[in-house]
Structures are given as structure tokens and as C-alpha cells.
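Comments concern the structure below.
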Amino acid sequence: MFVTRHTPVADIALSDRLWRLYEAAYGTVVAQSPTHEMLFRHEFDDALADPGNRLWVLWDDEDPVAMILIATQIGSTRYLSDAYFVRAFPSHQTRGAVHYIMWLVVHPAVAARGAIIRLAREVLQREAEDGALLVFDAPEIHQP
């Protein structure tokens, strides 16, 4: 397994493959969560095309099996409050070092093989080396 970084994703064939991974990863969640946790396809494509986002993909040979999307400009997301981070983490916010994990998905077929640990270890280490403050939220449905 190996990890690649993409910013932005412009290749339609790659985007299609990543969408299939995204759908597979959310397959069981959509029926269990009362909220719409999954993006619509156009939102997914927009997020991949945003040059302020970093997409990290874990590959098993030629197949994408896990991915994490990190927004490096939290003001461009609707999920986080700039004002909060200016108050709570002013030095990180001033440096543009508050990053938001928009999603981390793992194909169910490889979840038990340590894919999430492999991806998280490599990506989080690189983000930490950049001095980023990583922010994420996790609905209870994702935390069995």
C-alpha cells in the first residue's frame, strides 16, 4: 500500500474511482444516520477540485481503498467558524494553519486490514510537520 497527495483533482476518471470509494464507504451509514452525512456528487467533485483542499489517497496496488480530504482554508467550508478559531487559536489561524478534515473514508473490504491506521499515520504526520492544527468532527454513528 502507498499514499499519494492530490491538489486539485482534475482527472475525471480518478474522480469517478474516488466517488465509488466514497459511496462504498458510506454505504451502511446512510441507512443508519438521521442526517445526510454523505455529500452529493457535485459537492464531492467541487471539494476535489478546490485547490485549497488536500486529498490524500491510500492505494492497494491500483485500487484506491481509503482517502482523507483536508481543507486548508477553513473559511471556504460551511462547517467551521473563522471567528471561533481567531479567538481560540489565533496564531494558527493567522498562519492559515487551521485545517479541517472534511472526510476520511475507508472501503469496508480493507477496514480490518489497518488501512485507516496506515493513512492516518502518514497524513497526520505530514500535516503535523507543517504545523497544522487539524480539526474534525465525528458523528456517533461513525464511532461503533
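The values are calculated or read from the model by the stated rules, or taken from the named source; none is laboratory data. Please read these numbers as outputs of a predicted model, since none were measured by experiment. Glycine gets a Cβ as well: all are built from the backbone with ideal geometry, and neighbour counts include every protein chain shown. These accessible areas exclude ligands, DNA and RNA; they are computed on the full protein's heavy atoms, side chains included. Shrake-Rupley method; radii C 1.70, N 1.55, O 1.52, S 1.80 Å.
The table for this structure:
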read-out	value
Breaking point among (1) modelled with pLDDT under 90; (2) surrounded by 16 or more Cβ atoms within 10 Å (Cβ to Cβ); (3) β-branched (Val, Ile, Thr); (4) closer than 16 Å to Val105 by Cα, for Val3	(1)
Residues of region 7-22 that turn out to be open to solvent by less than 80 Å² (accessible area, probe 1.4 Å) and either touching a Cys at 6+ places or on another chain (Cβ under 6 Å) or at pLDDT below 95 (or both), as a count	3
Close pairs (6 angstrom Cβ cut-off, 6 or more residues apart or separate chains): more than 26 Å from Glu62 (Cβ to Cβ) in region 92-117, open to solvent by 40 Å² or more (accessible area, probe 1.4 Å) and assigned to a helix (DSSP H, G or I) anywhere	Gln93/Val86; Val98/His92
Whichever residue in region 24-41 is under 17 Å from Ala111 (Cβ atoms) and assigned to a helix (DSSP H, G or I) and, among such residues, is most open to solvent (accessible area, probe 1.4 Å)	Gln32
Contacts under 8 angstrom Cβ, first residue in region 1-25 being more than 13 Å from Val57 (Cα to Cα), partner open to solvent by 30 Å² or more (accessible area, probe 1.4 Å) and in a helix (DSSP H, G or I), 6 or more apart	Ala10/Ala49
Test for Ala128: is it among the small types (Gly, Ala, Ser), modelled with pLDDT of 80 or more and buried (at least 16 other Cβ atoms within 10 Å of the Cβ)	no
Subset of region 42-72 [under 26 Å from Phe2 (Cα atoms) and outside any strand (DSSP E or B)]	Phe44, Asp45, Asp46, Ala47, Leu48, Ala49, Asp50, Pro51, Gly52, Asp61, Glu62, Thr72
